[in-house]
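Laboratory data are not the source of any read-out in this text; all were calculated from the coordinates shown. Source: prediction; values computed, not measured. FYI the Cβ positions are ideal-geometry reconstructions off the backbone, even for glycines, and counts take in every protein chain you see.
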């Protein structure tokens, strides 16, 4: 493989990993917010 291909593969792998981590953190933050501020009206049942 040439260097351009390797750089493209690395960029794609990093982008995928960062996206997955950010989605997980956002989901955890949303769940924590709903635990503190949620209620039946927004679908969260503490």
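Taking 0.36 nm per residue of sequence separation and removing the Cα-Cα distance, the residue 22/residue 6 pair yields an extension gain of 3.4 nm.
Extending 7 Å from the Cα toward the beta-carbon at both residue 15 and residue 31 defines two label points whose distance is 2.8 nm.
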